[in-house]
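Written out below as structure tokens is the structure these notes cover.
The values are calculated or read from the model by the stated rules, or taken from the named source; none is laboratory data. Quantities reported herein were computed from a predicted structural model and do not represent experimental measurements. Note: ideal-geometry Cβ built from the backbone for every residue, glycine included; neighbour counts use all protein chains shown.
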Amino acid sequence: MGFDTSGLLPLSDALQGMLEQLACCCDSEQLPLPEALGRVLASDIASPLAVPPFDNSAMDGYAVRLSDLASGTPLIMAGKAFAGQPYQGEWPAGHCVRIMTGAPVPEGTDAVVMQEETQADGDRITFLAQPEPGQNIRRAGSDIGKGACVLPAGTRLTPREMPLLASLGVATVAVRRPLKVAIFSTGDELKPVGTPLAHGDIYDSNRYGVRAMLARLGCDCLDLGIIPDDPAQLRAAFIRADDEADVLITTGGVSVGEADFTKQLLDELGEIGFWKLAIKPGKPFAFGRLPRAWFFGLPGNPVSAMVTFDQLVQPALAKLAGQRFERPLQLQAVTTEPLKKSPGRLDFQRGILSQGPNGLEVRSTGSQDSAVFSSLSWANCYIILERERGRVAVGETVTVEPFGGLLL
């Protein structure tokens, strides 16, 4: 695949190498706005109108002309303006217009004086403050100009974008079809949940984590179940996934010492690179391409599978789906307990981030063994320890990455 795999490959190099080879593979379709939630925009959306579409009041108060206030005498209320019911009458000199928030300001209005800065005596209104020109007026187009790009292509539509598009009168949108991802777990020792375990068996847990993360990413999932360490059954699963999906993700079968026919089969069917990544957990990882589908091979250890999916597979799937992807926010926090670490690999330890009296604090969830899934289920962040860093003492500053929507 064009990578030097003789040693441990840095995470950044692995990610860059993958992303350079990937491009969006999802066609676009038009959907009614209510059906587009969770989809990725296939093209920029330009505003068909100005927002707001007219000058309107930002306050409940009185629309005035500054020239009428020059004398300091009370003004006579000529009428009222409400949202959806503009003032339609004449507006003689020496008069003001009672106006509510959101109502169009009458033609000639210089400012809106909030009602708290006035005194009313019947229809006679005394103004207690001299307004500035334009005060409390929202100008047409001050939020969004007509024709301006409001959402760029690649935006995944969330509940935050839906009312924005509705406010612009956008009824249909061009979106990408969902990425179709096939998954299966490998290993003779794996058994489905709900069945009894024999000595040496374990339950297949990784597939549940991968399926959940794919659902959060809006992917269509083709779950092929558990495939035993059998060349014929593995071959059939790989061929079906290649025929029916854009991507295949497997867990297990990528570590040194595992069945040789797994690597032989992948090399035969496609172009696959088996890597040793300079990260912990998650050193074994495979990436490549089958005849039609892209392939990601995750480690079999549960935490390793989740971490490599989060850090490597997630941005790759985003690019294949046509989605703009931004790296998660990273913060600085102070440790409240010592952390074990040996130089050599970038370490994604699982931690609990909290607000302390002097700022952000973080502590470990306990054992950081890649087979101990409770370390991830109890955590709310990664503690990211640099590749060459050693043990961390209490009070040292570390980088933390709060879990985002994929793991929450």
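General observations
- Among the candidates Ser57, Ser67, residue that is over 47 Å from the mean Cα position of the chain (by Cα) and at pLDDT 95 or above: Ser67
- Near pairs, Cβ below 6 angstrom, 6+ apart or cross-chain, from region 132-156 (touching a residue at least 12 places away in the same chain (Cβ under 8 Å) and outside any loop (DSSP other than H, G, I, E, B)) to any residue that is of a type in the set (Gly, Ala, Ser) and surrounded by fewer than 19 Cβ atoms within 10 Å (Cβ to Cβ): Arg138/Ala58; Cys149/Ala46
- Screening the candidates Ser185, Ser167 for the property of being touching a residue at least 40 places away in the same chain (Cβ under 8 Å), farther than 20 Å from Thr262 by Cβ and either assigned by TED's automatic domain parsing to the domain that holds Ala293 or surrounded by 14 or more Cβ atoms within 10 Å (Cβ to Cβ) (or both) yields one hit, Ser167.
- For region 19-43, a tally of residues being among the small types (Gly, Ala, Ser) and outside any loop (DSSP other than H, G, I, E, B) returns 1.
- Residue within region 44-51 that is in the same structural domain as Met114 (by TED's automatic domain parsing), touching a strand residue (DSSP E or B) at 6+ places or on another chain (Cβ under 9 Å), in a loop (DSSP other than H, G, I, E, B) and acidic (Asp, Glu) present: no
- Of the residues making up region 145-204, those that are charged (D, E, K, R), touching a strand residue (DSSP E or B) at 6+ places or on another chain (Cβ under 7 Å) and under 24 Å from Leu217 (Cβ atoms) number 6.
- Gly322 being within 20 Å of Arg216 (Cβ to Cβ), of a type outside the set (A, V, I, L, M, F, W, C), surrounded by 18 or more Cβ atoms within 10 Å (Cβ to Cβ) and at pLDDT 95 or above: yes
- Residue in region 290-309 that is surrounded by fewer than 18 Cβ atoms within 10 Å (Cβ to Cβ) and modelled with pLDDT of 90 or more present: yes
- Residue satisfying all of: in region 87-131; outside any loop (DSSP other than H, G, I, E, B) and hydroxyl-bearing (Ser, Thr, Tyr); surrounded by the most Cβ atoms within 10 Å (Cβ to Cβ) among these: Thr118
- Annotation: Ile76 fulfils all but one of (1) part of a strand (DSSP E or B); (2) crowded, with 17+ Cβ neighbours inside 10 Å; the unmet one is (2).
- Residue in region 107-115 that is modelled with pLDDT under 95, out of contact with any Lys or Arg (no Cβ under 7 Å at 6 or more places or on another chain) and among the hydrophobic types (A, V, I, L, M, F, W, C) present: no
- Single residue of region 166-204 satisfying the filter (assigned to a loop (DSSP other than H, G, I, E, B) and touching a Cys at 6+ places or on another chain (Cβ under 7 Å)) that is farthest from Ala36 (Cα to Cα): Leu179
- Whichever residue in region 326-369 is exposed (fewer than 14 other Cβ atoms within 10 Å of the Cβ) and among the acidic types (Asp, Glu) and, among such residues, is farthest from Val313 (Cα to Cα): Glu337
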